[in-house]
Amino acid sequence: MRRRFIVSAKTAIAAGFVLILVLGAAAIWRASRALHSAAQDIRSEHEIRFVVRPLPPAVNTDFEPISSAGVFFAGARFQDHLYVAGPAGLLEYDLDGAQLHQYAVGRELPGSPLIALAPAVLADSREPELILATADDGLLAFDGRAFRQIFPYGSDTRAITTILSAASGHLLIGTKKKGVLVYDGKQIAVLHATLKDIYVTALAGSESDLWIGTLSGGVLHFHAGATDSFTEAQGLPDPQVTSLAVAGDTTYVGTPLGVAVFSRGRLSRVLAPGVLATALLATRDQLYVGSEDQGVISVQLAGRRPNPNAFHDSQLSGVRQLFVSGDGLFALARNGLYRTKPREFGWQRVLEAGAATLSDRNISALATDASGRLWVGYFDRGLDILAADTSRANHVEDEHVFCVNRIFPDAKTGTIDVATANGLVRFDNAGAEQQVLTRTDGLIADHITDIAAYGDGLALATPAGLTFLDATGARSMYAFHGLVNNHVYALGVSGDELIAGTLGGISVLDKGAVAANYTTVTSNLKHNWITAVVPVGDEWMVGTYGAGILGLEHSGRFHSFEEASGQFEVNPNAMLVTPDYVLAGTLGNGLYLYDRQSRRWSVIDAGLPSLNVTALARGNGYIYVGTDNGLVRIPEQKLHS
């Protein structure tokens, strides 16, 4: 009996020991799982997802570009050819200046402006490539034959400002929001914790000894795993850095107010005070400073008081890049490539951007008049009036015709009314400026956002409410009179009914009086910020800034569309109705097309110079599509394809 008791005790002790081991193992397993889960959460939080893929061949679309002012942003020598990039795409030249190829955005390249170039041998390629940075579509790597795309999924990661190739095969990437990133061929990551979440404007140096220019935080110096910061408090002329150059132990930091010189990481002096230094090139005894409006300035570095000398040239403005090739000094400016040689005076243009019909690329409004002329309004460059065949244009720009929001050909009077940020400007049918109306003439505000024919006159949308113009004069209404919100973006008219789309919802006016208001609180409206309104058949289509496109029935009920309602933005007044289609321009999602017969939406992105579609017009058998990167047109009968 005693022996049995001893055995039972031993068994119980062993079982308890096993139980303790099991419970301990379970606790360790749970802790391990928790640590693993936490590590995964941390990795997913900081992981930058991307894909590397071959760029598909060019799509043969029916969109035809209307030439905009050529702009050069960056240049590089690659495989004994010269490549120049800009908003329109990539141009390839031989060393004698003969153009060999053109790779256009929206055709051979994604619909996004090119902003930087850098020859490199990346770790995932091991052969020389020309790296192209785009404004919205990530990176392109060109081996002289084909392109591959390095495409981050996050839009903030794709908002690239500059690139710098490293000897290690890594690529340093400056962005608007994510700071400095590094691509090592396998992953994209933040280079260092001190360099994240900043707006980068320039990069220079190496991966381990890097200088970073920022938009408003001065210049950063990353070295030995730490980061030093220099702003106005440390003597920088301006907190905005516009250019960088490194020569040995000396770093030159360009700002809008001059160039700061750092010797061995310490600020020593300021050169070219007051100069907006957009490009820098340092040699052993000279510093060349490319400027926005003063050409190229040569600063002799020897002596205690360097003496700057400017190479003035009326055509050499907006210098973007300076480099040496052979025995020549080259300056890449907005409108061309210039060269000067030792013992020569002045600059010779060796490449030019080419003639163009349009004055600018950033389009904000379009309309065709009764004569078939195309009116093109710009975000900040006035407007162009194009002949019906688009072969020539007349540019108009002054203190009132500057920031154009809407162009409205008035069929009753034959005039063309232009809504601007500085008033309502009326042109006669010959295209001559006739009258300017502002607050002093009875408008509720100078800033006009939209125009519509209503009643016996016009309705004007403004950030302060509505103004009605007719033969009796001007009268206005705002929230005090029942308007749902003072900030009116868009107008739509059908008979006696006027729809006012505002920042805070929709107001429906009947014969000039508010009949109903719709908001996300009082109706099934998905988003209060209304950017466009058009009548389509027996209902309205409403563009929003955040919920896509919605339908509004006369009963006051809103309904969604299968393809066109979602989390995207319709640009202000970028909607157009034709007998067969409804078109809507979006912010970054391309052109939405509604077939009125099949009642189905589709999305067009191929053939567009940018997926930010800002304006639409119909005339001369064409549909005109304006973007923030140029203008294209397509024959209306081919639109469905």
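Assorted remarks:
- The residue list 605, 628 contains one member that is buried (at least 19 other Cβ atoms within 10 Å of the Cβ), of a type in the set (Asp, Glu) and within 20 Å of the chain's Cα centre (by Cα), which is 628.
- Any chance residue 338 is within 30 Å of residue 585 (Cβ to Cβ), of a type in the set (Phe, Trp, Tyr) and at pLDDT 90 or above: no
- Within region 266-281, residues that are under 19 Å from residue 233 (Cα atoms) sit with their Cβ atoms under 9 Å from residues that are among the aromatic types (Phe, Trp, Tyr), at 6+ positions apart or across chains, in these pairs: 267/230; 268/262; 271/252.
- Qualifying positions in region 490-519 - among the β-branched types (Val, Ile, Thr) and under 23 Å from residue 576 (Cα atoms): 493, 499, 502, 506, 508
- Applying the set (1) hydroxyl-bearing (Ser, Thr, Tyr); (2) more than 30 Å from residue 372 (Cβ to Cβ); (3) in a strand (DSSP E or B) to residue 489 leaves exactly one unmet item: (2).
- Residue 598 crowded, with 18+ Cβ neighbours inside 10 Å and within 21 Å of residue 535 (Cα to Cα): no
- Residue count for region 192-204, restricted to those that are surrounded by fewer than 19 Cβ atoms within 10 Å (Cβ to Cβ) and of a type outside the set (Lys, Arg): 5
- Any chance residue 138 is of a type in the set (Gly, Ala, Ser) and touching a His at 6+ places or on another chain (Cβ under 9 Å): no
- Selection status of residue 119, surrounded by 21 or more Cβ atoms within 10 Å (Cβ to Cβ) and either touching a Lys or Arg at 6+ places or on another chain (Cβ under 9 Å) or of a type in the set (A, V, I, L, M, F, W, C) (or both): no
- Check on residue 365, surrounded by 23 or more Cβ atoms within 10 Å (Cβ to Cβ), of a type in the set (A, V, I, L, M), under 21 Å from the mean Cα position of the chain (by Cα) and closer than 26 Å to residue 299 by Cα: no
- Among the residues examined, residue 156 qualifies as touching a strand residue (DSSP E or B) at 6+ places or on another chain (Cβ under 9 Å), closer than 26 Å to residue 278 by Cα and of a type in the set (D, E, K, R).
- Exclusive hit being at pLDDT below 90, in a strand (DSSP E or B) and under 24 Å from residue 241 (Cβ atoms), set 310, 279: 310
- Residue count, region 564-613 (criterion: over 20 Å from residue 134 (Cβ atoms) and in contact with a helix residue (DSSP H, G or I) (Cβ under 9 Å, 6 or more places away or on another chain)): 3
- Region 46-98 holds strands (runs of 3 or more DSSP E) entirely within its bounds, and those carrying 2 or more residues that are more than 18 Å from residue 148 (Cα to Cα) and in contact with an Asp or Glu (Cβ under 9 Å, 6 or more places away or on another chain) map to 81-86.
- Residue within region 215-228 that is in contact with an Asp or Glu (Cβ under 6 Å, 6 or more places away or on another chain) and surrounded by 16 or more Cβ atoms within 10 Å (Cβ to Cβ) present: yes
- Restricting attention to region 313-326 and to residues that are under 19 Å from residue 83 (Cα atoms) and not in a strand (DSSP E or B), the residue that is modelled with the lowest pLDDT turns out to be 326.
- Region 129-141, residues that are touching a residue at least 24 places away in the same chain (Cβ under 8 Å) and either within 19 Å of residue 207 (Cα to Cα) or of a type outside the set (Val, Ile, Thr) (or both): 130, 131, 132, 133, 135, 136, 137, 138, 139, 140
- Given (1) hydrophobic (A, V, I, L, M, F, W, C); (2) touching a residue at least 24 places away in the same chain (Cβ under 8 Å); (3) part of a loop (DSSP other than H, G, I, E, B), number of the condition residue 104 does not satisfy: (3)
- Among residues of region 438-488 being without any contact (Cβ under 8 Å) to a residue 40 or more places away in the chain and among the β-branched types (Val, Ile, Thr), the one that is surrounded by the most Cβ atoms within 10 Å (Cβ to Cβ) is 488.
- Which listed residue is closer than 25 Å to residue 474 by Cα and surrounded by fewer than 22 Cβ atoms within 10 Å (Cβ to Cβ), from 355, 411, 370, 388: 411
- Against the test of being over 22 Å from residue 630 (Cβ atoms) and in a loop (DSSP other than H, G, I, E, B), the options 137, 124 yield a single qualifying residue, 124.
- Yes/no for residue 366 being of a type in the set (A, V, I, L, M, F, W, C) and at pLDDT 85 or above: yes
- The residue of region 382-396 that is farthest from residue 620 (Cα to Cα), among those that are assigned to a loop (DSSP other than H, G, I, E, B) and at pLDDT below 95, is 392.
- Any hit, region 434-446, residues being of a type in the set (Asp, Glu) and in a strand (DSSP E or B): no
- Count of residues meeting criterion [more than 26 Å from the chain's Cα centre (by Cα) and in contact (Cβ under 8 Å) with a residue 24 or more places away in the chain] in region 394-426: 12
- Identity of the residue in region 341-363, assigned to a strand (DSSP E or B) and within 27 Å of residue 254 (Cβ to Cβ), that ends up modelled with the lowest pLDDT: 352
The values are calculated or read from the model by the stated rules, or taken from the named source; none is laboratory data. Everything numeric here is computed off the predicted structure, so don't read it as measured data. When we count neighbours, we look across all protein chains shown, and the Cβ atoms used for this are built from the backbone with ideal geometry, even at glycine.
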